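Reading through the structure tokens given below for one structure.
The values are calculated or read from the model by the stated rules, or taken from the named source; none is laboratory data. In this text, all values refer to a predicted model and were calculated from it rather than measured experimentally. Quick reminder, even Gly has a Cβ in these numbers, built from the backbone with ideal geometry, and neighbours come from all protein chains shown. Please note that ligands, DNA and RNA were not included when accessible areas were found on the heavy atoms of the full protein model with its side chains. Shrake-Rupley method; radii C 1.70, N 1.55, O 1.52, S 1.80 Å.
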Amino acid sequence: MEYILETHNLEKKYGRFKVLSNLNMHIPKGSIYGLIGKNGAGKTTLIRIVCGLQKPTLGTYTLYGISNESRKIINARKRIGAIIESPSICLDMTAEDNLKEQYKVIGIPNFDNLHEILKLVRLDDTGKKTAKHFSLGMKQRLAIAIALVGNPDLLILDEPINGLDPEGIIEIRELILKLNKEKGITFLISSHYLDELSKIATCYGFIDKCRIVKEISSEELEQNFRKKTQINVNNVKECVKYLEENKIQYKVISDEIIDIYDKINISDFVIALSKRDCIVNNMQEKDESLENYYLNLIGGADNV
Ligand code: ADP
């Protein structure tokens, strides 16, 4: 597997306070890597280190195979675009002028691809409107446009959908997927919105107690998720007898509710139970979510 970013036993201390310790992370080329952890787990610190805004106390990392201890890391960092904490937008400027500023900042003498970038983020028709009149979603898309100047292969987005309305969230989701599929851009995304993250991420890293405690691909995660059918019945005892006799995997959840893990033919099942005076009041197909996986791994429901 080719990794765009690998960290090797990274450590970061603020004074005596250790935020990261022996942290090992691997971001596969072409992936959308979801970084998940509680508030204060160290996600932003890790991202700031990778972007060269902070130095690790110990440990190293490689970007495109280049060590952070090498001088060439400066060139490797030029291949990253990032939005960390608040996006750096000039509110009194138009979308186009904001982008032009970024071209100047990173020292690109012409404005090649400027209109292509504006089109990609669907801000090509905003004309003379200044960014202060943009919706939050538009501002976020402008921030992504700014991060795209210089053609990065890796985009790092720290909490990209915070504060966005549902429409804004969908726009950002579609933009990320488009950039990933059409431009081959790899993403590192930290987000609290696990349900949303699960719609786009191809792999995940879970950060807890200063370390990445688990890295898993979305396929592996899906295999770990147990699809289940949850049924509500008026006679749990009879239902359990039937499930046992037919060697169907199940778990009794309450006096009325049973989770069934094997695939069942619903009509046959309901008829068979009714012959045993057991009525199925309700039946729901359920997927164990990314959130459940996270809670099982890290424990505790606070501050997901
Ligand atoms: P996250 O992004 O996961 O919420 P952060 O990386 O922002 O976590 O913060 C991790 C921990 O480090 C927190 O306890 C935070 O208070 C602390 N921290 C972050 N930046 C600094 C700093 N510059 N000085 C001291 N402590 C800091």
Distance between modelled label sites at ASP255 and TYR14, nm, 7 Å Cα→Cβ extension: 5.1
Selection from LEU20, TYR64, ILE74, by position along the positive dipole direction of region 18-86 (Cβ): ILE74
Relative contact order for region 3-222, counting Cα pairs under 8 Å that sit 6 or more residues apart, in percent: 29
Eligible lysines near LYS72 by straight Cα distance, threshold 17 Å, same-chain separation 8 or greater: LYS55
Percent breakdown of C-alpha pair distances by 20 Å bin, ordered from the shortest bin, for the chain: 29, 45, 21, 5
Whichever aspartates and glutamates have a C-alpha closer than 19 Å to that of LYS129, once near sequence neighbours (fewer than 8 apart) are set aside: ASP92, GLU96, ASP97, GLU101, GLU116
Qualifying lysines (Cα of each under 21 Å from Cα of LYS251; at least 8 residues distant if same chain): LYS227, LYS228, LYS237, LYS241, LYS263, LYS286
Residues whose placed amide H lies under 5 Å from that of ASP208, excluding near-sequence neighbours: VAL213
Relative contact order %, region 1-65, counting alpha carbon pairs below 8 Å whose residues are six or more apart: 46
Region 226-287: C-alpha gyration tensor shape, a/c 1.5 cut-off, then a/b vs b/c: rounded
Heavy atoms of LYS29: accessible area, 1.4 Å probe, square angstrom to 10: 120
Amide proton proximity set for LYS13, modelled H, under 5 Å, gap of 5+: VAL19, THR57
Pairwise centroid distance, computed over Cα atoms, of region 154-170 with region 1-60, Å: 21
LYS129 accessible area, 1.4 Å probe, all protein chains in place, Å² to nearest 10: 90
For GLN54, residues with placed amide H under 5 Å, excluding near neighbours: ILE49
Accessible surface, 1.4 Å probe, highest first, among residues LEU91, LEU179: LEU91, LEU179
